[in-house]
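The values are calculated or read from the model by the stated rules, or taken from the named source; none is laboratory data. All of these numbers come straight from a predicted model, not from anything done at the bench. For neighbour counting, all protein chains shown are included, and Cβ atoms are generated from backbone atoms with ideal geometry for every residue, glycine included. Accessible surface areas use protein heavy atoms only, side chains included; no ligands, DNA or RNA. Shrake-Rupley method; radii C 1.70, N 1.55, O 1.52, S 1.80 Å.
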Amino acid sequence: QKEINHKRHDRFWVFNQALLSVSHSFHLLFAAAFATASRMIRKGVFIVGAKRTPFGAFGGSFKNISPTELSVISTKAALAQANVQPEMIDSVYFGNVIQCGKDAAYLARHVALKCGARMDSTALTLNRLCGSGFESVVQGAKDIQLGHAHVSVCGGVENMSAAPLTMAGEKVRFGVNLGSNLTAEDALWSGLTDAHAGVPMGITAENLAEKYDITRAECDEFSILSQTRWAKAKEAGLFDAEMAPVEVSDRKKKVKVIDTDEHPRPESTLEKISQLKPVFKKDGVVTAANASGICDGAGSIILASEEAVNEHNLTPLARLVSFHTSGCDPNIMGIGPVPAIKKALDFAGIASIDDVDRVEVNEAFAAQYLAVEKELGLDPEKTNSHGGAISLGHPLGASGSRIVAHLANELALSQNQKYHVGSACIGGGQGIAIVLEAV
């Protein structure tokens, strides 16, 4: 009897292990399928509104405007463009990197309420550094895919002029010794330095320049190209559709409307900028002229489900096709858009970057952009065609929103373009990309 029971136990154990093995295999297959589905948009997700403020210069017109207020301005403009009533909003996602202002911790929720969203709508402030604006769109799309929302407000904002000077609480809250020299830490510089890798962002660009044999002359030439492209696009009115003007008051309470980016320097010449000294390395390539500008601004993207588009008779600017976020070596973080774009195209079923009509790669540094261009084999004629962060500026949390807004509005106005790709490198060693399609 003991032998019979033992054999039964063995047979049961084998059967149980087989079931566990099948279950585990099914779980892995399901997880893989879900991972793919989460990047390839299975349900219809549409951009129906896309606006941004002009980007204010460092210490410029927006230095006294809180990130929340900048975000409200861009969001109200995007809602109006989309013909979306505030009570239709189900969720709000806003990216912000270096928090400043008394209500910084409440950013997304305050934007929602100040714009008139329902009390039962949800809000989340997020931080994926320079990819935050893109990440807000990713989160909004996931909400719609999962059926948690039909309309989602997605945006990014930064007021780099107002980045705080801080003191560690534990050093000052509990008593300070007589004669102690208290020092304030610059949150702006800390945000632009990877403490884990031990490098400021500029050095990561220098590392890419060395790896891809990019010269100082090439960087300066690209800087001038970014400036001239912005100037031509501005003259042609190519930023009008995306722009949300901002009213500011001067010291005499006189109201002035800011409707143009403040950072561009279209009068720059190659002769002048070639005389600038490198910032991060003695014989390096990165200068103030060929790096992205420190700026202030906000952008807002309104996403809607296919059901919402049909029910409310909304007019899409573009369809969100796919997205991807990738990791890379923090010491060359600027190369992050390469794997991100490749995967996003793969999930979208697009065979080659050559099949894309327009590409935007955030210009953190000229050397960084040029490395991405070389690695992906980008066509410079259809990449960053209207200037980028070197000319327009790079308010960290807002740049992804600017790129999406520009691409979506351009796609809506174009007659013969099908796919647009937007991307950014991310400090700490990541990259993010999204694919848009004409509708």
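Within segment 135-180, how many residues turn out to be surrounded by fewer than 24 Cβ atoms within 10 Å (Cβ to Cβ), farther than 16 Å from residue 92 by Cβ and touching a residue at least 12 places away in the same chain (Cβ under 8 Å)?
Here the count works out to 9.
Filter segment 118-134 down to residues that are open to solvent by 70 Å² or more (accessible area, probe 1.4 Å) and assigned to a strand (DSSP E or B) and give me whichever is farthest from residue 106 (Cα to Cα).
Across segment 118-134, the extreme among qualifying residues is 122.
Let me spell it out: the conditions are (1) at pLDDT 95 or above; (2) touching a strand residue (DSSP E or B) at 6+ places or on another chain (Cβ under 8 Å); (3) of a type in the set (A, V, I, L, M, F, W, C), and residue 40 meets all of them except one. Which number is the exception?
(1)
May I ask you to verify whether residue 109 is in contact with a strand residue (DSSP E or B) (Cβ under 7 Å, 6 or more places away or on another chain), touching a residue at least 24 places away in the same chain (Cβ under 8 Å), open to solvent by 50 Å² or more (accessible area, probe 1.4 Å) and charged (D, E, K, R)?
When the stated conditions are applied, residue 109 does not pass them.
How many residues are more than 23 Å from residue 67 (Cβ to Cβ), assigned to a strand (DSSP E or B) and among the small types (Gly, Ala, Ser) if we restrict to segment 387-439?
Residues in segment 387-439 being more than 23 Å from residue 67 (Cβ to Cβ), assigned to a strand (DSSP E or B) and among the small types (Gly, Ala, Ser): 3 in total.
Rundown of residues vs (1) closer than 22 Å to residue 410 by Cβ; (2) in contact with a strand residue (DSSP E or B) (Cβ under 6 Å, 6 or more places away or on another chain); (3) crowded, with 18+ Cβ neighbours inside 10 Å, yes/no style:
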| site | (1), (2), (3) |
| --- | --- |
| 267 | no, no, no |
| 284 | no, no, yes |
| 300 | yes, yes, yes |
| 305 | no, no, yes |
| 314 | yes, yes, yes |
| 320 | yes, yes, yes |
| 327 | no, yes, no |
| 339 | no, yes, yes |
| 347 | no, yes, yes |
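For segment 250-265, which residues satisfy the criterion of being exposed (fewer than 11 other Cβ atoms within 10 Å of the Cβ) and of a type in the set (Asp, Glu)?
Result: 250, single match.
Restricting the search to segment 140-193, which residues are among the small types (Gly, Ala, Ser) and assigned to a helix (DSSP H, G or I)?
Within segment 140-193, 140, 141, 161, 162, 169, 187, 190, 191 meet the criteria.
Consider only pairs whose beta carbons are under 7 Å apart and that are at least six residues apart or on different chains; among these, list those whose first residue lies in segment 116-131 and is over 30 Å from residue 427 (Cα atoms) and whose second residue is open to solvent by less than 70 Å² (accessible area, probe 1.4 Å) and assigned to a strand (DSSP E or B).
From residues that are over 30 Å from residue 427 (Cα atoms), the pairs are 117/92; 121/91; 121/92.
Does segment 182-201 include one or more residues that are within 27 Å of residue 271 (Cα to Cα) and without any contact (Cβ under 8 Å) to a residue 24 or more places away in the chain?
no
Of the residues that make up segment 219-228, is at least one in a helix (DSSP H, G or I), of a type in the set (Phe, Trp, Tyr) and over 22 Å from residue 280 (Cβ atoms)?
no
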